[in-house]
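Q: The structure is given below, and queries will be raised subsequently.
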Amino acid sequence: MSDAGTSPWPAQVTVDLDAIAHNVGVLRGHAGSAGVMAVVKADAYGHGLVPSARAALAGGAAALGVAQPAEALALRQAGVAAPLLCWLLTPSVDADALLAADVQVAASAPWALDLLAAAARRAGRTAQVQLKADTGLARGGAFALPVRPGDPRTDFHALVRHAASLSAEGALRVVGVFSHFAYADAPEHPTVRAQQEAFADAVRLAERAGLDLEVRHLSNSAATLTTPAAAWDMVRPGLAVYGLSPVPELASAADLGLRPAMGVSARVAVVKRIPAGQGVSYGHTYAPERATTVVDVPIGYADGVPRHASGTGPVQVAGRRFRVSGRVCMDQFVVDVGDVAVATGDEVVLLGDADEAPTAQEWADAAGTISYEIVSRFGPRLPRRYVGEAGR
Ligand SMILES: *Cc1c(COP(=O)(O)O)cnc(C)c1O
């Protein structure tokens, strides 16, 4: 999966579309009767928006989810016609374009409903919206919990009331209510249960206001895999679609039957001998104790290799494991390969699917972050090569 040998590029990302389809199948197995909305925001977590979306649909996803309006429009422009939810609006959003593209839009506040209703009136159509309830993440969504103890008036109440009146007028139709967990990666954490209860209350409130909901959804990857009772009508996994574990403390990707879809590899650009004590890369934070061979690898932090993984990031060169030696630079980093025979042009694997290949979780551990950040940051300077047939 990681052969850069056929490529003219110094470094590239390989995406296995069949792995994406397979992972959606695994998630469907956990979702019971709930549909899978595959989350393809952030260029499908770095895997490439359109090919990944098509592969997820081929694997049985019932819908797609994105954060930004531009992502939704890009999918439609590419001809992807599946049900599509977009959940991060600002007042400058082009509601007319989203309506024309038949994108469902999440509303966190009355102003968002007003923008969508105005666009619907202009077009003589009905806008499809989903109400986003904040059940305890305190991020997006209308806050659905009392701010003062015992006070029943919440922002979510106001959102539901406004939605019900615009819906009675025919300007919009509320197709769903959804929320998002703060702590789903720790399924025993008390907030997981508390958010499920708050979500049930939010759904009840919307239904009592006369909204005829088609979908109610709460579960991200971690909840889909660990808390099946939270599935409602739809689950909304992102990370697991790409074959990574959202609960690395509890289960690896392999334990969960997931196949990592992303490979990252580069070709050795320079090979040289250096003497004992010669400092390597900026700041000379690494110096070998004896004469050694170092190789220069043409991929750096501008491509998404975390600079925080200086001195620690795992790589495989000539089939053997090493770590980044010294600081990761903008376009390159150095690896001390000792006395192993390495030639210019040899492959360096940063992420791969072979048994001994480094994983996104190892990079995350090396950089003090999460695997989400590792894959989503491998950037546009790296060409994507797609393998597998799913969705093509
Ligand atoms: C990113 C996101 C998801 C997917 O989360 P994962 O942890 O990657 O499964 C689901 N819902 C919302 C609202 C999100 O922002």
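Q: Tell me yes or no: at least one residue of segment 125-141 is of a type in the set (A, V, I, L, M, F, W, C), assigned to a loop (DSSP other than H, G, I, E, B) and under 25 Å from Y372 (Cβ atoms).
A: So far as segment 125-141 goes, yes, one or more of its residues are of a type in the set (A, V, I, L, M, F, W, C), assigned to a loop (DSSP other than H, G, I, E, B) and under 25 Å from Y372 (Cβ atoms).
Q: Sticking with this structure for a sec: What's the number of the condition I299 fails, among (1) open to solvent by less than 10 Å² (accessible area, probe 1.4 Å); (2) closer than 30 Å to Y183 by Cα?
A: All conditions are met except number (2).
Q: Which one of H180, H162 is over 21 Å from A34 (Cα atoms), assigned by the TED database to the domain that holds A107 and free of Cβ contacts under 8 Å to residues at least 60 places away in the same chain?
A: H162
Q: Can I ask one more? Tell me whether segment 79-95 contains one or more residues that are assigned to a helix (DSSP H, G or I), more than 23 Å from V160 (Cβ to Cβ) and at pLDDT 95 or above.
A: No: zero hits.
Q: Quick one: which residue in A42, A74 is within 12 Å of the chain's Cα centre (by Cα) and at pLDDT 95 or above?
A: Unique residue meeting the criteria: A42.
Q: Okay, moving on. For segment 96-131, give me each residue that is buried (at least 17 other Cβ atoms within 10 Å of the Cβ) and either within 16 Å of the ligand (Cβ to nearest atom) or of a type in the set (F, W, Y) (or both).
A: Within segment 96-131, V103, Q104, V105, A106, A107, S108, A109, A112, V129, Q130, L131 qualify.
Q: So, in segment 173-193, of the ones that are in a helix (DSSP H, G or I) and open to solvent by less than 50 Å² (accessible area, probe 1.4 Å), which residue ends up nearest to the ligand (Cβ to nearest atom)?
A: Per the stated criteria, the residue is V192.
Q: Taking the options P288, P298, P275, name whichever one is assigned by the TED database to the domain that holds R323, over 23 Å from G243 (Cα atoms) and within 32 Å of the chain's Cα centre (by Cα).
A: Sole residue among the options that is assigned by the TED database to the domain that holds R323, over 23 Å from G243 (Cα atoms) and within 32 Å of the chain's Cα centre (by Cα): P298.
Q: Name the one entry in G304, G277, G311, G300 that is within 28 Å of D18 (Cβ to Cβ) and not aliphatic (A, V, I, L, M).
A: Answer to the check: G304.
Q: While we're looking at this one, here's another question. Looking at segment 96-124, which of its residues are closer than 26 Å to V36 by Cβ and outside any strand (DSSP E or B)?
A: If the condition is that a residue be closer than 26 Å to V36 by Cβ and outside any strand (DSSP E or B), then L98, L99, A101, D102, V103, S108, A112, L116 are the ones that fit.
Q: Now, a different point. Which of the numbered conditions does H47 fail, given that it passes all the others? Conditions: (1) more than 16 Å from the ligand (Cβ to nearest atom); (2) not hydrophobic (A, V, I, L, M, F, W, C); (3) not in a helix (DSSP H, G or I).
A: (1)
Q: Related question: Restricting attention to segment 74-86, does a residue exist that is surrounded by fewer than 24 Cβ atoms within 10 Å (Cβ to Cβ), within 16 Å of the ligand (Cβ to nearest atom) and within 23 Å of G257 (Cα to Cα)?
A: no
Q: Could you tell me whether E197 is open to solvent by 50 Å² or more (accessible area, probe 1.4 Å) and closer than 20 Å to A61 by Cβ?
A: no
Q: Something else about it: Among what's in segment 132-168 and is open to solvent by 40 Å² or more (accessible area, probe 1.4 Å) and either in contact with an Asp or Glu (Cβ under 6 Å, 6 or more places away or on another chain) or within 16 Å of the ligand (Cβ to nearest atom) (or both), pick the residue that is farthest from E197 (Cα to Cα).
A: By that ranking, first place goes to R139.
Q: Something else about it: Please state which one of V340, V328 is surrounded by 20 or more Cβ atoms within 10 Å (Cβ to Cβ), over 20 Å from the mean Cα position of the chain (by Cα) and assigned to a loop (DSSP other than H, G, I, E, B).
A: Sole residue among the options that is surrounded by 20 or more Cβ atoms within 10 Å (Cβ to Cβ), over 20 Å from the mean Cα position of the chain (by Cα) and assigned to a loop (DSSP other than H, G, I, E, B): V328.
Q: Taking A70 as the residue in question, decide whether it is surrounded by fewer than 19 Cβ atoms within 10 Å (Cβ to Cβ), within 13 Å of the ligand (Cβ to nearest atom) and assigned to a helix (DSSP H, G or I).
A: So A70 fails the test.
Q: Testing G368 on (1) open to solvent by 50 Å² or more (accessible area, probe 1.4 Å); (2) in contact (Cβ under 8 Å) with a residue 40 or more places away in the chain; (3) at negative phi, one condition comes back false. Which one is that?
A: G368 satisfies every listed condition except (3).
Q: On the given criteria, is R377 out of contact with any Pro (no Cβ under 6 Å at 6 or more places or on another chain) and under 30 Å from A56 (Cβ atoms)?
A: yes
The values are calculated or read from the model by the stated rules, or taken from the named source; none is laboratory data. Predicted, not measured: the structure shown is a model, and the values here were computed from it. Note that we place each Cβ from the backbone using ideal geometry, even for glycine, and neighbour counts take in every protein chain shown. Quick note on the areas: whole protein, heavy atoms, side chains included, nothing else; ligands and nucleic acids left out. Shrake-Rupley method; radii C 1.70, N 1.55, O 1.52, S 1.80 Å.
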